[in-house]
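Take a look at the structure below.
What follows draws every value from the coordinates through simple rules; no lab data is involved. It should be emphasised that the depicted structure is a prediction, and the values quoted were computed from it without experimental measurement. Neighbour counts are summed over all protein chains in view; Cβ atoms, including those assigned to glycine, are modelled from backbone coordinates with ideal geometry.
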Amino acid sequence: MIKFLAILFYSLITLLDKTITETLDLPDNIYEEIPAIVCPSCGSIHVIKNGSIHNGKPKYQCNCCGRQFVNKPTKTTISDETKQLIDRLLLERISLRGIARVIGVSWSWLQNYVNDKYGCISHYIEVSEKTTGKLTIECDEMWSFVDNKNNQVYIWLTIDRNTRQIVGCFIGDRTRKSARKLWESLPAIYQQNAIAYTDFWQAYKTVILPNHHRAVGKETGLTNHIERLNNTFRQRVSRLVRSTLSFSKKLSNHIGAIWYFVHGYNAELASL
């Protein structure tokens, strides 16, 4: 009797299940197991959704090891045209996260790309050789910071008054040693023949020969060009804005960004 009731109960369940499936038009594989999302680092299935990446694909985080990942990622190749556009945007007052949003690349890829570019940038300025005519240069130092405003870094710059080209650059502190490094960064023809106009900062007097040095105040207008260049730097390099969240976190990136802009600025002048 019990066996008969069990067979009858099983038959009723099977018939009911078939009726529901046909009525709702459910697929035959409805009871197949949905594949679990597995952490690529530790193999755990205890993962949760954690937002999405730039292209909208969901991102996951492992509750065991904390790894963030994309399930079945598809690698995309960044075209040379996109890289060239990024190179131009780096010369404008746009943060790296802003560039990543506009271009549609991941911020981590962009940071690595910029780090590699800044690491290979030349710290030497090539200028067209001058053999005749009067050479006049203007020197000044500009305050900036890295990581926090207590960590001050000074950008020492020298420009040719006639061509407006940057002919000397050094990033360091505000000591006589840094002033010496600035002077050594100048091409030999400027060190030997140019008349240098600076402010009254004492460090300049110790590295520039007296017969080549002219210390003047801002009211004379004889350092207007270098002062204007400082303003250009602050307007076009987001790291140098006085109140900004785009400041450099690493000194190496700070130095690389300044030199990258120096070369870009001189290239713009050469193309005019």
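Things to note:
- Rounded Å value of the spacing that divides the Cα centres of region 197-272 and region 96-114: 27 Å
- Beyond 30 Å in Cα-Cα separation lie the following of the pairs Lys117/Lys205; Lys49/Lys117; Lys59/Lys249; Lys177/Lys250; Lys117/Lys149; Lys218/Lys250: Lys117/Lys205; Lys49/Lys117; Lys218/Lys250.
- Of the chymotrypsin sites (Phe, Trp or Tyr not before Pro) found in region 108-214, those that fall in a DSSP loop while having at most 13 other beta-carbon atoms within 10 Å are Tyr124, Phe200.
- A Cβ-based charge dipole, computed about the Cα centre of region 221-272 with Lys and Arg at +1 and Asp and Glu at -1, lands at about 280 debye.
- Spacing of the two label points (7 Å from each Cα toward its C-beta) at Arg164 and Asn148, in nm: 4.0 nm
- Modelled label positions at Ser79 and Asn231, each set 7 Å beyond Cα in the direction of Cβ, lie 4.0 nm from each other.
- Footprinting exposure proxy ranking of Thr77, Thr136, fewest other C-beta atoms within 10 angstrom first, gives Thr77, Thr136.
- Cβ-Cβ distance of Ser252 and Glu219, R₀ of 51 Å, FRET efficiency by 1/(1 + (r/R0)^6): the value works out to about 0.85.
- Farthest toward the positive end of the dipole of region 136-271, out of His212, Val153, Gln191, is the Cα of Val153, where the dipole comes from beta carbon charges about the Cα centre.
- FRET efficiency for Ser108 and Asn211, using Cβ-Cβ distance with R0 set to 51 Å, rounded to 0.05: 0.40
- Derived scalar couplings ³J(HN,Hα) [region 135-146; Karplus, 6.51 cos²θ - 1.76 cosθ + 1.60; whole Hz; x for Gly, Pro]: 9, 10, 10, 10, 10, 6, 10, 10, 7, 8, 8, 10
- Close amide-amide hydrogen proximity is noted between Val47 and Asn63, each under 5 Å apart and 5 or more residues distant or on a separate chain (H modeled in the peptide plane; Pro and chain starts excluded).
- Near the amide H of Ser248, within less than 5 Å, lie the amide hydrogens of Asp147, all on another chain or at least 5 residues away, with H placed in the peptide plane.
- Full extension of the chain between Val70 and Ala270 yields a length gain of 67.4 nm, computed as 0.36 nm times the residue separation minus the alpha carbon distance.
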